[in-house]
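Taking it in order: structure first as structure tokens, then the write-up.
The values are calculated or read from the model by the stated rules, or taken from the named source; none is laboratory data. The shown structure was predicted, so the numbers you read here are calculated from the model rather than taken from an experiment. Neighbour counts run over all protein chains shown; Cβ positions are idealised from the backbone, glycine included.
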Amino acid sequence: MTTWKPEFFDDFPTGPDVDRSKWQSPVWTAEHNKANLGRTGLRNRKDFEGQIGMVPCTSENGADLRLSTYNPKAQPPGSAFLGSEIYTPHKWGQRAKRLSSRRSSNAPLCQVAR
């Protein structure tokens, strides 16, 4: 039986943003636009200043990965969404890894207003 040793852990303590020593978000560059997925821009503190560029942590949800219909940088206005993505820059090496996570959603995946 294999005994797994934890190499990375985050319980996402309540705060205005994830711990940026553990988590990063994609940033736009002229060479590679990794901060955009189709019509969805991704929150990060460099491209979106202030609270809108952060990934908040709440006691109910942990890291709150939001998808918004409002993207303040959309051109023309109203033409893009604003989502969230975080990843760890930690290098895992060549050994086998096991990922354990908890996820939840209090809302349906899609809700259409009529």
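If you take the residues in the range 83-96 that are in a loop (DSSP other than H, G, I, E, B), of a type outside the set (A, V, I, L, M, F, W, C) and touching a residue at least 60 places away in the same chain (Cβ under 8 Å), which one is surrounded by the most Cβ atoms within 10 Å (Cβ to Cβ)?
Ranking the candidates gives 85 first.
Going through the range 20-40 one residue at a time, which ones are modelled with pLDDT of 85 or more, within 19 Å of residue 88 (Cα to Cα) and touching a strand residue (DSSP E or B) at 6+ places or on another chain (Cβ under 8 Å)?
The answer is 23, 24, 25, 26.
Cβ-Cβ below 9 Å, separation at least six or inter-chain, first residue in the range 58-82 and aromatic (Phe, Trp, Tyr) and surrounded by fewer than 16 Cβ atoms within 10 Å (Cβ to Cβ), second modelled with pLDDT of 90 or more and part of a strand (DSSP E or B): which pairs?
70/81; 70/82
Is one or more of the residues making up the range 48-65 of a type in the set (D, E, K, R) and in contact with a Leu (Cβ under 9 Å, 6 or more places away or on another chain)?
No - not one qualifying residue is present in the range 48-65.
Quick one: count up the residues across the range 1-57 that are more than 17 Å from residue 72 (Cα to Cα), surrounded by 13 or more Cβ atoms within 10 Å (Cβ to Cβ) and among the β-branched types (Val, Ile, Thr).
Qualifying residue count for the region: 1.
Please go through the range 1-51 and give me each residue that is among the β-branched types (Val, Ile, Thr) and out of contact with any Phe, Trp or Tyr (no Cβ under 9 Å at 6 or more places or on another chain), ordered by number.
Within the range 1-51, 2, 3, 14, 27, 29 meet the criteria.
Name the residues in the range 45-63 that are modelled with pLDDT of 90 or more, of a type outside the set (Gly, Ala, Ser) and within 13 Å of residue 86 (Cβ to Cβ), would you?
Correct list: 54, 55, 56, 57.
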